[in-house]
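Take a look at the structure below.
Just so it is clear, none of the values below were taken in a lab; they were calculated from the coordinates. Everything numeric here is computed off the predicted structure, so don't read it as measured data. FYI the Cβ positions are ideal-geometry reconstructions off the backbone, even for glycines, and counts take in every protein chain you see.
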Amino acid sequence: MSKKYIIAICLSMIFSLAPAASAIEQNNKVILLSVDGMRNDLTLQYMQDGSLPHIQSLAESGIAAEHSITVTPSLTAPSHAAMATGALPSETGMVSNKWQDPEEPLARKENAFKENLDKIPLWEEARKSGKVTATVLFPGANPSADEKGDYSVYYGETLAEHSYEKLSFEPAGRLDSVPKSFSPVMEAKIPVQLKDASNLHLSLLAVDTIDDSEKKYDTFILRDAEELNKDVGQTKNQEWGAFPLKINDENAGFWYKVKANENLEESYFYQTEIKSAVFGGPEEFEEEIIDQFGFFPVQEDVKAFEEGWISRKEYEEIGARFADWVSDVTLHIKDKYKPDLLMAYIPHIDHESHHFLLENPRQPGYSKEKSAEYMDYVKWSYRVADSVVGRITDSLGKNDHFLLASDHGMEPVHSILAPNQLLKEKGYLKMGGDGKIDKNNSDAYAVASGSAAQVYLNKNLPDKEKEELKKELVSLFEKFSVVAPISLKGLGHDLKAISDSVSEKSLQSFKDKTNQFFTYLPGSRIYPYEIVTAAKTVTSHPNAGELLLMAAPGYMMGSKLTDPVQPTKELGSHGGDPRRKELKAVFMATGPAIKAGGIIGPVSTLDIAPTVYNLLDLPAPGFVEGQVIKEAIKKDK
């Protein structure tokens with residue numbers, strides 16, 4: 001055989017193999033799970049005590065960053081926008097969780113979670129490049145928006161509030177499809193007020209299925225009073241029941257529980273909120289999800305727990321049910337539709353930490369016993385996240401990459417600031433005769449979210465007046481101070497935090513905790529508006545205010561007109577300086593292109609998007625400001 005034929009055969013073999021190699025690369029898949037509010041330091045603590053076995057295994061099989069720093073302000077919407085795009089709030093438009101409508105003079109707020117991103121997110125950019133993408137509750141991935149994945153599930157609306165009603169039973173009227181009862185069947189009427197729809201009228205039948213010559217009502221049947229023939233199933237006393245609904249052609253439903261004694265004299269009916277979800281995908285996608293996994297459940301009901309309507313066990317069952325639904329739907333999409341990029345989100349840690357992060361003796365209601373109880377509640381939410389991580393890691397195939405990230409941490413707070421009260425006292429904010437803000441005659445208004453607040457100036461003011469007003473407001477907030485409360489336990493807490501920072505070899509934390517100790521010495525003055533800056537220098541976007549306020553550790557912001565400083569009901573907050581220890585986030589990754597078993601240096605939430613593009617073998621858009629986390633990726637990738 002001549003040399004030219006041998007060369008031709010070799011070349012043909014090389015070219016025939018090239019597409020196969022490319023196909024292997026293109027088979028890379030990425031799953032990104034965002035766990036809202038997951039603190040880096042608490043995650044490490046719970047990993048060390050064995051509470052998070054699946055997250056521990058994830059870190060050991062791949063990489064874990066020393067910590068992750070999010071954008072400023074450290075809030076959910078800006079941070080998730082940074083994850084999804086690799087761009088700063090000045091580019092995405094997500095300057096806060098809520099902001100002033102740029103088209104209005106003052107006091108009309110917009111909800112960031114319903115708004116479009118100004119930069120193309122991962123799921124849309126990858127889709128444009130021919131990848132199949134899916135999102136499950138990921139903030140910003142609203143199927144109603146212009147940019148969406150091939151398969152999307154997102155939060156809808158609250159269609160009805162939760163309730164806890166005392167029941168009044170009477171002999172039942174119409175009895176269709178009712179099991180045999182050894183006592184007269186009794187009926188209670190339950191009205192459910194719906195938003196933007198006709199109210200529900202429910203009928204609850206009580207049945208005695210125990211043949212013992214005594215009245216022992218143990219079985220309950222819930223029906224729509226206007227559709228008595230509809231089969232909705234039945235539940236036992238003190239057991240959960242589900243009631244699916246169609247409201248204005250939307251799939252919805254609620255979970256409920258009857259709490260009654262055997263003779264029905266003391267009987268109560270607990271009903272969760274009724275929520276809807278928004279679906280994006282093929283025509284049959286929504287019905288497929290509802291048929292297999294049921295209606296979109298409520299994610300929590302802390303008010304019902306605090307009011308004593310439900311027990312802690314029942315409260316946790318509600319949270320676990322939501323986590324299971326999200327996990328089920330996420331893994332169903334993964335297995336059936338095999339997306340190249342799948343981005344999901346769970347909120348449990350954020351929610352639990354806002355309500356129960358009781359760590360500091362300066363916090364309202366603090367005691368060692370109560371702190372231990374509440375921190376167990378917080379740890380439960382981390383275990384929920386761990387179970388979701390476990391289900392995802394169990395599902396991973398040979399080409400799957402799994403990234404675990406959080407958007408921010410969470411710090412304990414003891415006081416809430418009222419920037420609008422300061423503005424009102426100085427005459428910058430004026431009230432109308434109806435008790436509402438006079439938006440036309442006010443010069444400034446603060447929109448608070450967590451530990452941050454955007455201060456907006458009336459857009460009708462001349463530019464020269466605005467510049468003078470900005471200087472006055474900076475001075476107002478920078479000079480505001482309060483006397484440090486005397487708290488020996490609080491100072492002891494600060495000293496321990498200093499000691500911990502030395503053990504952790506964290507210079508930033510050492511500086512922060514040392515400053516905090518001296519700030520709180522008796523007689524010292526605390527300046528709670530720690531960072532006051534011209535917001536346009538941080539987030540030069542029309543959605544941003546002229547000033548950005550961020551609170552000192554221990555403080556959060558409020559929009560209401562109250563005392564300038566008062567004890568807070570919320571125990572955990574975020575939005576402040578993302579470099580603070582408690583506000584640092586989490587990043588871990590595993591997969592065939594990820595190095596194994598190592599701790600890498602700090603990363604940024606801005607680095608997540610370019611890293612995902614790299615794993616998917618896609619070029620990152622020009623607006624991306626983050627960097628590929630090269631320390632995490634194998635060199636031969």
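Counting other beta carbons within 10 Å of each Cβ, put SER57, SER96 in order, fewest first.
Details: SER57 16, SER96 29.
Ranked by crowding around the Cβ, least crowded first: SER57, SER96.
Around LEU417, which amide H atoms from residues at least 5 apart in sequence, or from another chain, sit under 5 Å from its own amide H, with H modelled in the peptide plane?
MET556, MET557, GLY558
Could you list, in their original order, any pairs among LYS195/LYS257; LYS189/LYS313; LYS189/LYS303; LYS189/LYS257 whose Cα atoms are separated by more than 18 Å?
Beyond 18 Å: LYS195/LYS257; LYS189/LYS313; LYS189/LYS303.
Over all distinct Cα pairs, what is the inverse of the mean 1/r for the chain, reported as the Kirkwood hydrodynamic radius in Å?
Here the Kirkwood hydrodynamic radius works out to 27.1 Å.
Would you mind computing, in nm to one decimal, how far apart the modelled labels at ASP617 and LEU175 are, each placed 7 Å from Cα along Cα→Cβ?
The answer from the label model is 6.9 nm.
Between SER387 and ASP438, with labels modelled 7 Å along Cα→Cβ, what's the label distance in nm to one decimal, could you check?
5.5
Taking the Cβ-Cβ separation of GLU425 and GLU306 as r and a Förster radius of 45 Å, what is the calculated FRET efficiency to the nearest 0.05?
In this case the efficiency is close to 0.85.
So if R0 is 22 Å, what FRET efficiency would THR533 and VAL502 give, r being the distance between their Cβ atoms, rounded to the nearest 0.05? Numbers along the way, then the final one.
On the way: r = 31 Å, r/R0 = 1.39.
About 0.10, to the nearest 0.05.
Filter the trypsin sites (Lys or Arg not before Pro) in the stretch 181-247 down to the DSSP loop ones having no more than 13 other Cβ atoms within 10 Å, then list what survives. Kindly include the intermediate steps, with their values, before the conclusion.
Working: sites: LYS189, LYS195, LYS215, LYS216, ARG223, LYS230, LYS236, LYS246; in loops: LYS195, LYS215, LYS216, LYS230.
Loop-located and lightly packed - LYS195, LYS230.
Quick one, could you list the DSSP H helices from the chain stretching 30 Å or more along their long axis (Cα atoms) with average Kyte-Doolittle hydropathy of 0.0 or above?
Details: long enough: 3-26 (35 Å, 1.09); 312-337 (37 Å, -0.87); 368-395 (41 Å, -0.73).
Both cut-offs are met by 3-26.
List, in order, the whole-Hz ³J(HN,Hα) value for each residue of the stretch 177-183 obtained from phi through the Karplus relation with A = 6.51, B = -1.76, C = 1.60 and θ = phi - 60°; use x for Gly and Pro.
Result, rounded to whole Hz: 6, 9, x, 4, 10, 8, 9.
Relative contact order for the chain using alpha-carbon pairs under 8 Å, separation at least 6, rounded to a whole percent?
Working: 1395 pairs, mean separation 155.9, N = 637.
Rounded, it is 24 percent for the chain.
Counting Lys and Arg as +1 and Asp and Glu as -1, what is the net charge of the other residues whose Cβ lies under 11 Å from the Cβ of ILE416? Each step should come with its number before you reach the end.
Values: positive: LYS560, LYS569; negative: ASP563, GLU570.
That works out to 0.
Could you please report the charge total around LEU42, scoring K, R as +1 and D, E as -1 over all other residues with beta-carbon less than 9 angstrom from its beta-carbon?
In short, 0.
Per q in 0.09, 0.16, 0.18, 0.20 Å⁻¹, report the Debye log10 I(q)/I(0) for the stretch 311-450, using one uniform scatterer on each alpha carbon and no solvent.
Log10 of I(q)/I(0), two decimals: -0.50, -0.92, -1.01, -1.13.
Of LYS131/LYS581; LYS114/LYS334; LYS426/LYS459; LYS459/LYS584; LYS398/LYS635; LYS98/LYS581, which ones are farther than 28 Å apart at the Cα? Could the numbers behind the result be given before it?
Details: LYS131/LYS581 37 Å; LYS114/LYS334 25 Å; LYS426/LYS459 19 Å; LYS459/LYS584 35 Å; LYS398/LYS635 18 Å; LYS98/LYS581 25 Å.
Exceeds cut-off: LYS131/LYS581; LYS459/LYS584.
Give the separation of the Cα centroids, the stretch 238-264 to the stretch 138-161, in Å.
Cα centres, the stretch 238-264 to the stretch 138-161: 25 Å.
Using Cα centres only, tell me the gap between the stretch 55-70 and the stretch 544-594 in whole Å.
22
So, in nm, how far is label GLN566 from label LEU495 when the simple model puts each one 7 Å beyond its Cα toward the Cβ?
About 3.5 nm separates the two model spin labels.
In what order do PHE254, PHE182, PHE269 fall by count of nearby beta-carbon atoms within 10 Å, going from fewest to most?
On the way: PHE254 24, PHE182 15, PHE269 20.
Placing the least packed residue first, the sequence is PHE182, PHE269, PHE254.
Going by how many other Cβ atoms sit within 10 Å of their own, how do MET94, MET47 line up, fewest first?
With the fewest neighbours first, MET94, MET47 line up as MET47, MET94.
Could you compute the net charge surrounding ALA552? Neighbours are other residues with a C-beta less than 11 Å from the C-beta of ALA552; K and R count +1, D and E count -1.
Details: positive: ARG580; negative: GLU411, ASP512, GLU530, ASP577.
In short, -3.
Step by step: find N for the stretch 180-230, compute 2.2 N^0.38 Å, then divide the Cα radius of gyration by it. What's the final number?
On the way: Rg = 13.7 Å, N = 51, 2.2 N^0.38 = 9.8 Å.
Taking the Cα Rg and dividing by 2.2 N^0.38 Å, one obtains 1.40.
Please state, to two decimals, what the Cα-based radius of gyration of the stretch 157-313 comes to when divided by 2.2 N^0.38 Å (N = residues).
Numbers: Rg = 16.5 Å, N = 157, 2.2 N^0.38 = 15.0 Å.
Ratio of Cα Rg to 2.2 N^0.38 Å: 1.10.
List the trypsin sites (Lys or Arg not before Pro) within the stretch 320-411 that DSSP assigns to loop and that have no more than 13 neighbouring Cβ atoms inside 10 Å. Before the final figure, lay out each step's value.
On the way: sites: ARG321, LYS334, LYS336, ARG362, LYS368, LYS370, LYS379, ARG383, ARG391, LYS398; in loops: ARG362, LYS398.
Qualifying residues, ordered by number: LYS398.
Pairs to check: LYS119/LYS439; LYS439/LYS466; LYS439/LYS471; LYS180/LYS236; LYS439/LYS470. Give those whose C-alpha atoms are more than 26 Å from each other in this structure.
Where the Cα-Cα span goes over 26 Å, the pairs concerned are LYS119/LYS439.
Quick one: if the Förster radius is 35 Å, what FRET efficiency do LYS189 and GLU284 give, using the C-beta to C-beta distance and rounding to 0.05? Numbers along the way, then the final one.
Numbers: r = 37 Å, r/R0 = 1.05.
Calculated transfer efficiency: 0.40.
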